[in-house]
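Undergrad: Below you will find the structure I want to go over with you.
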Amino acid sequence: MAQKPTTNAIPSSKKTTKTIAKKISNTGSKTAPKAKVKTKPTHRTAFGLKILNSNHKDIRRLKREGHIATIHGNKFWNSSFLIMDYLKKNPLKRKIRVLEIGCGWGLLGIYCATNFDAKVHGIDADENVLPYLQLHADINKVNVTSDAKTFQQLTTEKLKDYDLIVGADICFWDEMSNALFNLIGRAKKAGVKQIIISDPVRSPFEDLTARCQKKYENVEVQQRWLKRPVNASGQLLIVK
Ligand SMILES: C[S@@+](CC[C@H](N)C(=O)[O-])C[C@H]1O[C@@H](n2cnc3c(N)ncnc32)[C@H](O)[C@@H]1O
């Protein structure tokens, strides 16, 4: 039995080519109608922040230059929105000193700088994410400093420089739970007034919240949902 041609097959016989040519000439135009090309947006706006998409020329340039994130800091994660939503309803004091830990692209810190004139520093174990933070700080017209550091490297002395610590989606491996529990201990010793960590509720985060609830008096675990700008849900761990 002869095989049926696939629908994507390129027409090869003269007869088929002629039929196509006739069809085109029947449209009344000498050239084939141009297909409308939809271009993908290169940025989006959420919580008043401009966030660049992966097809934006500057994101593509940073990738070409070799800034490839290695610990999941390759994009902006939705848990940050849960903290932004909380801060929108529970505004910070102006000029507060904020440390964003595991900052990735740093949009949570940038939100604090934009909305509360906060003095913001971001740290991340992966130095390759920091140029993306600086790019977003620039396009959102705020000044945010940053350096490559791990949670473990933040000493009590260093933490004395901050009033608030925020971190989104930073507790996804078992060892992170322990590192963050110890960091919260040092932060409290250093006099940091509030620590807020958000997560889509993975088991290392549940372990962290349970340990904090057991050890500290002023601990809140809030369940939060968002419909806009994206569907997101998770929990906030708030230690005061
Ligand atoms: C899932 S990403 C979240 C990034 C950002 N917070 C967000 O919400 O878009 C986790 C980030 O934590 C950083 N990270 C992982 N382990 C770390 C550690 N021990 N100390 C500091 N940063 C760490 C990673 O490099 C990555 O940027």
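The values are calculated or read from the model by the stated rules, or taken from the named source; none is laboratory data. The structure displayed is predicted, hence computed values, not measured ones. Virtual Cβ from ideal backbone geometry, glycine too; neighbours counted across all protein chains shown.
Undergrad: Where the second residue is at pLDDT below 90 and not charged (D, E, K, R) and the first is within 17 Å of G48 (Cβ to Cβ) and surrounded by 18 or more Cβ atoms within 10 Å (Cβ to Cβ) and lies in the stretch 63-92, which pairs have Cβ atoms under 8 Å and are six or more apart or on separate chains?
TA: N78/V230; F81/P229; F81/V230
Undergrad: Taking the stretch 50-74 as the region of interest, how many residues are within 20 Å of K149 (Cα to Cα) and of a type in the set (S, T, Y)?
TA: Count: 1.
Undergrad: Within the stretch 61-100, which residues are touching a helix residue (DSSP H, G or I) at 6+ places or on another chain (Cβ under 6 Å), near the ligand (Cβ under 7 Å from one of its atoms), among the hydrophobic types (A, V, I, L, M, F, W, C) and closer than 20 Å to R224 by Cβ?
TA: Residue satisfying the conditions is F76 alone.
Undergrad: Another question about this same structure. Has the stretch 47-60 got any residue that is surrounded by 12 or more Cβ atoms within 10 Å (Cβ to Cβ), within 30 Å of R228 (Cβ to Cβ), at pLDDT 95 or above and of a type in the set (K, R)?
TA: Among the residues of the stretch 47-60, at least one is surrounded by 12 or more Cβ atoms within 10 Å (Cβ to Cβ), within 30 Å of R228 (Cβ to Cβ), at pLDDT 95 or above and of a type in the set (K, R), which makes the answer yes.
Undergrad: Just for strands (runs of 3 or more DSSP E) wholly inside the stretch 35-104: which have at least 1 residues that are under 30 Å from A179 (Cα atoms)?
TA: Per the criteria, 49-52, 97-101.
Undergrad: Okay, moving on. Check every one of the strands (runs of 3 or more DSSP E) wholly within the stretch 146-240 and list those with 1 or more residues that are surrounded by 15 or more Cβ atoms within 10 Å (Cβ to Cβ) and among the hydroxyl-bearing types (S, T, Y).
TA: Qualifying strands (runs of 3 or more DSSP E): 194-199.
Undergrad: Please find, among D161, D174, the residue that is away from the ligand (no atom under 14 Å from the Cβ), modelled with pLDDT of 95 or more and among the acidic types (D, E). Give the steps one after another, and end with the answer.
TA: Numbers: D174 fails: away from the ligand (no atom under 14 Å from the Cβ).
After applying the criteria, what remains is D161.
Undergrad: From I184, I238, I196, which residue is touching a strand residue (DSSP E or B) at 6+ places or on another chain (Cβ under 9 Å) and within 13 Å of the ligand (Cβ to nearest atom)?
TA: Just a single option satisfies the conditions, and that option is I196.
Undergrad: Would you please list the contacts, defined by Cβ atoms under 7 Å and residues six or more apart or on different chains, that run from a residue in the stretch 118-136 that is closer than 18 Å to R61 by Cβ to a residue that is within 9 Å of the ligand (Cβ to nearest atom) and part of a helix (DSSP H, G or I)?
TA: H136/L107
Undergrad: Could you identify the single residue in G109, G104 that is modelled with pLDDT of 95 or more, within 11 Å of the ligand (Cβ to nearest atom) and farther than 10 Å from V166 by Cβ? Show your work before the answer.
TA: Values: G109 fails: farther than 10 Å from V166 by Cβ.
When all the criteria are applied, what remains is G104.
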